[in-house]
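Shown next, in structure tokens, is the structure this report addresses.
No value in this document is a laboratory result; all are computed from the given coordinates. Please read these numbers as outputs of a predicted model, since none were measured by experiment. FYI the Cβ positions are ideal-geometry reconstructions off the backbone, even for glycines, and counts take in every protein chain you see.
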Amino acid sequence: MSIQAQDATSFLNSPLTASALCVLTVFLSLAWSATPSTAPDLPGPRGWPIVGSLFQRGCDPAETYRQWSKIYGPVFRVRLGYKWVIVINSADSVEELLVSSEYALLGNASRRAITLGTSPYDDLIKGKRRLAIASVSPAISRLYEPVIERAVQYFVRSFNTASTTGGPVDPAPLFVDGSAVLNLTVICGASVDHASTLLRDSPYPMKRLGQIRNINGHLRDYLPFLRALPDGKIFKEAVTVAKYRSVRLSELLDKIKLLYHEGSAPPCAVITILKETREDISEQSLTSFANTMVSSGLDSHLPNTLLWGLGVLAARKDVQDKAYDSILRQNKLGDSMNFDRDNYLFAFVKEVGRYFNTFRLGLARETIGKDIVWRGHFIPQGTTVLCNTHAINRAMHFVHKELYAIYEQILLSWSLAIHDGEREFDAIKGCADGFDFNQAPKNYRITLTVRDQQKLDAYLNTQF
């Protein structure tokens, strides 16, 4: 054998060569598994091999997307691992792509992930959407006003108890607890007393579900090879919480259905659904609907919105005074919940929902049924679509009434001031964690000064 052949054989048999081949094989396998399908014909940032722009989004993806829209336009593409994603950053583009029947962007984003909003767009999802719309229509929601009043009283009582120590009050846990009570009473018909204790023995915080299903940070959605790794501790905790919540809600649903058949059920969304469908609804559909509707109170959307607004009211004495004066004027007119009149507090509630949008990125959607061409740009079937509501600053709807009622009674009961913590409440710089799916402000504490103790006591003793 020639010296050259011996050298070649020795090189091929060396441990270094074997290691290099293993590394190359792994790299090619990862690259293949993370290679996206046909790319949308849109501008966008250049990413890295395998991961794309997954780690270029910074600590606040919604804000990064907003900045990128200034470079690439209101609709651009970005590669996240093995997926091509279209990000929509303007209201006009949302109207065209998500609302117009010309385009098929109704599907949820994936069948292979546990992230929020990735359930297949099947009959169950379609049914839940129809039921949700029916249960919160303006005509129906008026039936819930007495229920909302009782839940709001629970909020005020919680603040009153916390303020009796004379020290500063942290509103975050009070809003989390009160929002759970509000949702369980309005959606599932629980009494305030029952709702306030129903989830107290949860083995882990309810926010575990939101953390593990965060559309921003779940890397397994974008890098399939990571799914081969063992599940982390937080995933196991989230599964435990999901099972716990489903059991509790099932017990609650069984009770409310029994009351419905007896003719003594209180008004709530579940009762509306039973009447709407004439009970022709499966157990799975009803439980799934209740889980979806209640989750906004348990997974931080409502409490975070309340936190942003209360922080502004406490930090801005001029805004607080105008809102308080508006409440007094509305009460003199005899209808504080009439939003058609000039109402400063209601305008404030809508602006809080717009400017401090807690869902900064809407749930992922997916082009279904066919490839589409939008303004001359080709978008293949199966492309994931994200709506950047942080950039669009869209407003909310049904939740306005609940927010208004809570702020109204808090302002009627106390004068607010920031004690320590966050004071600026900037929608971009003031987020506790820009990577969270549901945005909360940085921590702060407030001081409460009672306006009229006799009126407060009378309100707390009122039977709604």
Computed from the beta carbon distance with a Förster radius of 30 Å, FRET efficiency for Lys370 and Leu226 to the nearest 0.05 stands at 0.45
Most packed first (mean Cβ within 10 Å per residue), the peptides 194-205, 441-452 order as 441-452, 194-205
Work out, step by step, the length gained on full extension between Phe235 and Asp41: first 0.36 nm times the residue separation, then minus their alpha carbon distance; give nm to one decimal.
66.2 nm
With the charge dipole of the stretch 231-329 built from beta-carbon charges (+1 for Lys and Arg, -1 for Asp and Glu) about the Cα centre, the Cα from Ala314, Ser288, Ile273 projecting farthest to the positive end belongs to Ala314
Hey, can you rank 458-464, 54-60, 266-272 by average C-beta count inside 10 Å, highest first?
266-272, 54-60, 458-464
Simple spin-label estimate for Arg354 and Trp48 in nanometres, 7 Å along Cα-Cβ:
3.9 nm
In Å, the Kirkwood hydrodynamic radius from C-alpha pairs for the stretch 140-292 sits at 17.6 Å
My understanding is that a pair violates if its Cα-Cα distance is over 30 Å; which of Lys255/Lys401; Lys233/Lys370; Lys317/Lys350 do that in this structure?
Lys233/Lys370
Compute the distance in nm between two label points, each set 7 Å from the Cα along the Cα-to-Cβ direction, one at Thr449 and one at Ala91.
3.8 nm
Can you order the peptides 254-262, 147-155, 376-384 by their average number of other Cβ atoms within 10 Å per residue, highest first?
147-155, 376-384, 254-262
